[in-house]
Every structure is written in structure tokens, then in C-alpha cells.
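Before any comments, here is the structure.
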Amino acid sequence: MRSTLAVARSGLSAVLLHPLRSAAIVACAAAVLVPFVAGTAVSEGLGDQAADAARFGADLVVTGERFGLPAPLPGSAIETVRRVPGVLSVRPRIVGTVPLGAAAEPAVLVGVEAGAFPGGVRLLEGRLFREGAGNELVVGSRLARRLGLAPGARLPPFYRNRGGERVSEVVGVFRSDLPMWEANLVLCSLETARAVFDERGTATELLVDCREGEEEAVRSAVARLPTLAADPSGEPLRPRVLTRADLRALLAGGAASGQGVFALHFVLLLAAAVPVLVVASGAGLRERRRETGVLKMLGWGTDAVILRALVESLVLAAAGASLSILLAALWLGPLGARGLAAVLLPGADADPGFAVPWRLAPGPAAAGAALSLALILVGTIPASARAASAEPLEAMR
Amino acid sequence: MTALLEARGVGRRFHAGTAAEVRALDDVTLEVPRGSFLIVTGPSGSGKTTLLALLGTLERPTEGSVLFDGADAARLSEASLSGARRRMGFSFPGGPMIPRLPLWENVTLGLVPRGEGVAARREIARGLLARLGLEGRLRSPAEELSTGEVQRAALARALAGRPEVLLLDEPIANLDDGSRGLVLEALDGFRRGGGTVVAASHDPSAFPGTEAACRLEAGRRVS
Amino acid sequence: MRDRAPMGLAVAAAALVAAATCVLVLGARRPAEEAARSEAFQRLVGGLGGGSAISLAPCERGFDPGLSGSCSLETAYGHGNGACCPHHSGPSLRR
């Protein structure tokens, strides 16, 4: 035990004997791991917020399909679905996209019925739109920043319908620390949304709440409806029903594919970094070989030489992995994921302007640390083993 | 009693089989009895350093065999070879030392696998370096030492492991009279303790009291 | 190199690992305030989002995978031709 500890201490000395090499190895390991740790953290945070979208949304979401493509639902569909046994409430919603401003910012316009809004949590600066008040908008934080909007601002007409053009008023701006889907959001009343898209009485989906335990029965009943069209004798409008479980599966698939794309980025980055890390670990090969020759001359066994190199590698890998976690947390927290958001979140700017979701994931961090240790060992141990098996005098030359 | 070290018809060739082949040593036979002080002498390039390296199992001969305490070094396992080297002490020109390591650590590096603690190693180094006039350089990195200081430090390192035999290549070359005296005194003390010394030197007369000499010329033993 | 430098390095490395572990443990927990804000927002908008994009362009499913059964980019390239939208990389949901 004493000899093992003494050899281990010698491994620590080896780190200090070659400060530049050691620093280069730690820096390489951290450079490879920081984007991976940060990226997986964003993926985890996104997953948390996505789960909330399913959990706190409606029991069922009903949309219409015509020719296999989404089609708007007429107002009569609301009553059709409401009559299905087990349905508690049906709320129509419109979700669409409108360009805003000179740069045609792609805003997500969502029209909902004014109702009982959740209290107790501050969601915005200003206020929500009033029931019955047309053209009152609540805009997302990124949109507000890009277009210079604040509560009270007036938007020149950005849409035209059969009734002509309307000036809109921004009555509220979402807080930037809400889920990121608020960033480009324009929230308004259903009537305002219908006016924007010039779609009278329609909705893009129905948010259906069911009596407890009856979700599956309602889903089956709605799916079996022959049509949601206003005129049953005309072209059918097929119902498409998403349950909460369906949505969770879709969100998981989306998160997984996002993680999959990110994992691909990481593999490419790793492929570029592997030779750098291995070379950095093996740097100073001649000096390392000479040192090993001296140790062998002094009676060190090969296992002691390897142990020394192993301790050196462990310390460097631990330092690199730890530094990467600290730097990733700094990047995501105080630095607001600047730069990273633009890579991971389509539509986000380098300085996102909204709270990028993140939650550190121990699993990927541990896997990344193990990988960096493996790479450092590849650069260090074989070279040490080769030097240890060479004749001492030859190694010292 | 078996000789502590023995070379039987050893030869060492570099770049064997090529046009650049060099015979550093050719059919040299030598016995080093326990407790003896053997000088290996000869002109530069005669194979003195190579012979020391072969006797110390730091290199393998291309012909012949080397025996340490009766055992053929070629048949020893890696662990046994390490064990044999721990019973020896080496000093070559330039040390060699690990440049940025403090001198006390360089001197006692061989004691690390034996589990000696830091404090014990430092005290051992302090004693040895004081005997050789280097007590003020205890914490200096080896790269800051002069050639003569490195040479004395190499002897201190060779003595640190309490070896049975010292293999020294030009231990007093490049030393002034004072330093030379310290080295010879240390070697004398080692011998009085029953140690065996094999030293390569151009100047055997600088080592009074040596029992035997082996002269090499062009890789062959001539006397 | 000072005598105590190796142990100093060991202590520094251990401190770095400890700090990283603390950050990892603390950072792995979701803040309660953030969860509350997320719930309130989702109740307000009726459950929206879930994808990695912040707008519906170019792929609406990149913003919210539940929005539509098909993706306009997939539609443009044709279903069943092996072409998948890179933004959500999943097959269309067919009911």
C-alpha cells in the first residue's frame, strides 16, 4: 500500500513536471466536453418543458385532415365534439404563423378563448388581452426586443382581411424566463386570430378535456366520427385525435431526434479532437521515454511505471472533466447559452434574449468524462509501456 | 564464492547486419568478486560504458551472457531484472537526471517503489548530498546544477538505495580536487561496508587501493 | 517544484472535482420557480411547444410535434419517398 501511494505521488509530480503538456491535455479535454455537457443539458431542460406542454395541456387535441393534410375546423365542429359522451369542455384554438416587422419576423400567432387565466405566477409585463377586445396582443420577449415593442405600443396593420386593416395594440410582453416557446409568440383572442387569418368561425384545433378515466373512450368516439365538416353531405373533414400519451411519444421522439442530431455534432467534434487529444497526451514522447529509462535504471518495475502514468492520466482527465462541467454551467447560467442557442435551437439568435432551458445531466457528463479519460490513456499508457519494455539505456539515449 | 558480477564472452553490436555495423564490445570475459574495486580502463570508444551497461543489465549483449549473483540475466523475468537493478547503483555522465525534479527527489527516486515516505527520502538525500558537498542544492531542480554537481549527485543517487554494487562511468572526471576527495571518501566508505565497485575511468591512478583493472581497446579486453 | 506541490495538486484536483460534483448535483435539479412558471404558461396557452424551434418556419413540427400530422417540408418532398424533414426527423403520425 505504501509503495502504491508513493508511486501515485510520483504520478502527481509527473503532472507538475510538464506543466505545458498537462495544461494542453486538460484544455483539449475541456474543449471537447464543454459543448457536449452544455448541449445535453439544454436537451434535458427542453425535455422538462416539453413534458409540461403535454402534462398541462388538454386531455385530447382534435384537428381536421383533408387529403391527409391539416385543414381548419369549422365552428360547428366544436358542438359536434362537445356532444360526444365523456367530454367536459371543448376550447377552440388557432395556431398559425404571421410575418411581423420589416424583417418579417416569423411570429407564432395563437388565438385562445379568454377565460380563467392562471394566477399566482407573474407571466408578463403589462396585462393579458381582454375578452371581447379586438387586436389586443401579448407578444413574446424576443419579438418585443427585435421589434422594439413594449406594453402600450401600437402595431401598424400587419394583416388585411375582408373588413380592411386594423391597428393592433401590444398590451403585454411575456417574461423572458418562461418556456422558450414564448419567444416569438403573439397571444391574442380567438376573434383577433380569426381576423388576422380572415378565417371566420374556424379553429386549427380543439382542446378537449374529458371526465377522468374516459379519455380513451372519447378518443375512440371522436376518431370514429365520419366528418367534422359543417355540411355532412359535402367533402369529409376527417378528425385526427392526439391524446396526452400520443403527444408525450411525439415529444420524446422530437427530443430524441434533437439529441440524436446533437450527438452527431458531438461525434464529428470528437473525431476532430481525438487526434489533438491523443497527440497532446503523447507530446514530449522523447522526454517521457527518457524519464522511463531513468526509472527502470533505478529498479522501477513496469507496473510501477504504468501506475505512475495512470495516476497522471487520471488527474488530468478529472481536471478536464470537472473544468468542462464548471465551464458548461457558466456558459448556460450567467452567460445565457450565448452562441449555443443559435446552434441547438432553430430560429434563436447567438444572444437568444430568452431563457434557454437547461438542466445538467449526470449521465452524459459521466460518459464524457470516461471518454476523455480513455483518450488520454490512449495517448499516455502505450507510450509508457513501450518505454518501460525497452532497455533502460536505450530509452535514456 | 560466486562472483557478484560476471561477463562471459559478451559482445555488443549496433546496427548489426548493416553496412553501418559497430562492434562496441567483442568477446569480453570478466569476473567481479564481491567486495572488490575493479577499474575498467581504456581510450575513448573502447567500450567501457557499454561494458558497464551490460553488467548492470541496462542493455542486453548480442553475444555471450551476463550473470548477476550467479543468475543469467537473459533468463530473468522483468520483475527479477528490476529487483537485480535495485541491488545496484549506477552513475553515468550527466546522471542522467530528471531536469525539473528537485535534486532530493532525483536522488531518492529509486526508493519510491519501496514505499519510502517523503520525509524519510528527504532525510536520506540530505545526508548523502551533505557527504558530497551538495547540501545547499537539496531543493534545486537538477537542470540548474553544474556538470560536476550532477556527477556528484549521480553518485548520491547510486548510494541511496544501499546497493551491493556500484557501476560508475567516469565518476571523478570533471571534478575539482575538493570534490574529487569527497567522491573518493564516499567510495571508500562504501567499500568498507562490504560494497563492490566497478568504475570506468581514463585515469586508474586516481583510485588508490583498487585491486584489479580491466583494459579495453577497440571493444576487446587486452588485459 | 516545491516539496508539497504534488499534494497541493492532489488537493486542488480534489477541490475541482468536488466543485464540479456540487454544480452537477445542484444543476441536475429543476428549480421549483421555473417549473411553476412553465406550468402557468402551458395552462394559459393550452399546451404549446415541445420542439426545439421557436417558430413554425420552416417546420411546424419543429416548434410543436403535436401540431399537425404532417410536416410541410415532408409534404413538399413527398411522403413515403424516404425523405424526412431534418428538423424533426420522424415519420408523420397517421391515425
Given the DSSP H assignment, sum -39500 (n - 2.57) over each helix run of at least 4 residues in chain B and divide by its residue total; what's the result at 222 nm in deg cm²/dmol, nearest 500?
-9000 deg cm²/dmol
Virtual spin-label span in nm between A:Val378 and B:Ala119, 7 Å along Cα→Cβ:
4.5
Which value in nm describes the separation of the simple spin-label points at B:Thr29 and A:Met1, placed 7 Å from the Cα toward the beta carbon?
5.3
Express the relative contact order of chain B as a whole percentage, based on alpha carbon pairs under 8 Å and six or more residues apart in sequence.
30
Extension length gain for A:Leu285 and A:Ala133 (0.36 nm per residue less Cα distance), in nm, is 47.1 nm
Share of Cα-Cα pairs in chain A beyond 26 Å, whole percent, is 66
Do the sum for chain A: with -39,500 (n - 2.57) for every DSSP H run of n ≥ 4, divided by all residues, what is the mean residue ellipticity at 222 nm, to the nearest 500 deg cm²/dmol?
-17500 deg cm²/dmol
Hypothetical label at B:Arg139: residues of region C:1-39 whose amide nitrogen lies under 16 Å (7 Å Cα-Cβ projection):
C:1-9
Label-point gap, in nm, between A:Asp231 and B:Asp188 - each point 7 angstrom along Cα→Cβ:
12.6
antiparallel share of DSSP beta bridges within region A:91-185, to nearest 5, in %, is 75
Determine the principal axes of the Cα atoms in region A:341-392, then give the extent along each, sorted from largest to smallest and rounded to whole angstroms.
62, 21, 13
Charged-residue dipole, Cβ positions (Lys, Arg, Asp, Glu), chain A about Cα centre, Debye nearest 20
1080
Quick one: work out the % antiparallel among DSSP beta bridges in region B:50-192, nearest 5.
50
To the nearest 0.05, what FRET efficiency results for B:Thr147 and A:Ala271 with a Förster distance of 60 Å applied to their C-beta separation?
0.80
Based only on Cα atoms, what mean projected area does the convex hull of region A:290-392 have, in nm²?
8.3
Along the charge dipole of region A:96-195, which of A:Pro106, A:Phe174, A:Leu137 sits closest to the positive end, that is, farthest toward it, with unit charges on the beta carbon of Lys, Arg, Asp and Glu (+1, +1, -1, -1)?
A:Pro106
Region A:197-238: trypsin sites (Lys or Arg not before Pro) in DSSP loop, at most 16 other beta carbons within 10 Å:
A:Arg200, A:Arg211
Averaging the inverse of every distinct alpha carbon separation and then flipping it gives the Kirkwood radius. What is it for the protein assembly as shown, in angstrom units?
31.4
Just for the protein assembly as shown, what percent of DSSP beta bridges are antiparallel, to the closest 5?
70
Quick one: compute the contact order of chain A, relative version, from alpha carbon pairs under 8 angstrom and 6+ residues apart, as a percent.
28
Grab the other residues whose beta carbon is less than 11 angstrom from that of B:Ala154, score K and R as +1, D and E as -1, and report the net.
-1
From the Cα centre of region B:40-75 to that of region A:55-100, the distance in Å is 92
Measuring from a point 7 Å past the Cα of A:Ser89 along Cα-to-C-beta, which residues in region A:38-79 have an amide N at less than 20 Å?
A:52-63, A:75-79
Within 10 Å of each Cβ of A:236-249, how many other protein chain Cβ atoms are there on average?
2
Qualifying GluC sites (Glu not before Pro) in region B:1-109, DSSP loop, other Cβ atoms within 10 Å at most 12
B:Glu21
Charge dipole magnitude, Cβ of K and R +1, D and E -1 - region A:96-195, Cα centre, debye nearest 20:
180
Computed over region A:96-195: relative contact order in percent, which uses C-alpha pairs under 8 Å that are six or more apart:
38
Range of Cα positions in chain B per principal axis (Å), largest first
48, 41, 39
Proportion of all alpha-carbon pairs of region A:59-163 beyond 19 Å (%):
59
Cα pair distances exceeding 15 angstrom across region B:94-162, given as percent
40
Cα-centre dipole for region B:114-186 with unit charges at Cβ (Lys and Arg positive, Asp and Glu negative), debye to 20
400
Expressed as an acute angle from 0 to 90° and rounded to the nearest 10, what is the orientation of the C-alpha long axis of helix A:285-297 relative to the principal long axis of chain A?
50
Computed P(r) (all Cα pairs; region B:125-223; 5 Å bins; percent)
2, 12, 24, 24, 18, 11, 6, 3, 1
What is the angle, in °, between the Cα long axis of helix A:19-55 and the longest principal axis of the Cα atoms in chain A? Nearest 10 is fine, range 0 to 90.
20
Put +1 on the Cβ of every Lys and Arg and -1 on every Asp and Glu Cβ in chain A; which of A:Leu187, A:Leu20, A:Gly320 then has its Cα farthest towards the positive end of the dipole?
A:Leu20
If I fit a long axis through the Cα atoms of helix A:244-282 and take the longest principal axis of the Cα atoms of chain A, what angle between them do I get, 0 to 90°, rounded to 10?
30
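Quick note: the coordinates plus some simple rules give every number you see, no bench work behind them. Bear in mind that the values here come from a model prediction, so they are computed numbers and not experimental data. Quick reminder, even Gly has a Cβ in these numbers, built from the backbone with ideal geometry, and neighbours come from all protein chains shown.
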